[in-house]
Every structure is written in C-alpha cells, then in structure tokens.
Amino acid sequence: MPSRKTLKSCQDQLQKVKELAEELSHKQYSQKDVHKLQQKLHHIDAQYKEGIIDDRNVNDPTDDPYEHEGQAQLAEDLSATHEMLTRMLANTD
C-alpha cells in the first residue's frame, strides 16, 4: 500500500508541471518545450498508476481506489494537465 508520502510526492510533482505549463503558455514555446513537460507528466502518470494499483485492498474486490483520499483529485488534475499540454502542442507550428 503506498504511503501518503507517495501520493503527496505525485501531487507536488504535478503541481510543478502545471506551474511550468502555465508559465510556458504565456511565452513563445516550441513543440520541444511542450514535449519536455509531457515527459515529466508521463513519469508522474507512471508513478500514480503504480500507486493506485498498490493502494487497492486485495482482500476487498469492491475497493475503489478513486474513493481513497486524494486519489480522485490527483486523477482529475492529471487529466486536466494532459489536456492543457495537448492544447498547447496543437498551437505550435
């Protein structure tokens, strides 16, 4: 079972990527700039997916990890950040 520290680490990393994306969106940026942020986001995604699998109670088949504290919010923030970077990428030449 992942610790709150693992979830907190993912949340902190995601917040940093969101801040960098927001800053970048107000400047002239290239596909390479956006791809760098997407790579960071992919790494966070991988950590999250590992954690969410480990967060489930293997003895309870009805255990929904999205009902665990912080999990749903992190999933929502990951999705929103992916969408933001996709829109930014679409705006590059």
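The values are calculated or read from the model by the stated rules, or taken from the named source; none is laboratory data. Quick caveat, the model's predicted, so the values are computed rather than measured. Backbone-built Cβ (ideal geometry, glycine too); neighbour counts: all protein chains shown.
So which of Asp33, Asp54, Asp45, Asp60 is modelled with pLDDT under 95 and touching a Leu at 6+ places or on another chain (Cβ under 8 Å)?
From the options Asp33, Asp54, Asp45, Asp60, the qualifying one is Asp45.
Being assigned to a loop (DSSP other than H, G, I, E, B) and modelled with pLDDT under 95, is that true of even one residue in segment 4-25?
The answer is no; no qualifying residue exists.
Counting only residues that are charged (D, E, K, R) and assigned to a loop (DSSP other than H, G, I, E, B), how many does segment 63-93 have?
Going through segment 63-93 one residue at a time, the tally reaches 4.
With (1) touching a Pro at 6+ places or on another chain (Cβ under 7 Å); (2) modelled with pLDDT of 85 or more as the list, and Glu76 as the residue in question, which single condition is left unmet?
(1) is the only condition that Glu76 fails.
Would you tally the residues in segment 62-85 being touching a Lys or Arg at 6+ places or on another chain (Cβ under 9 Å) and surrounded by fewer than 14 Cβ atoms within 10 Å (Cβ to Cβ)?
Selection size over segment 62-85: 5.
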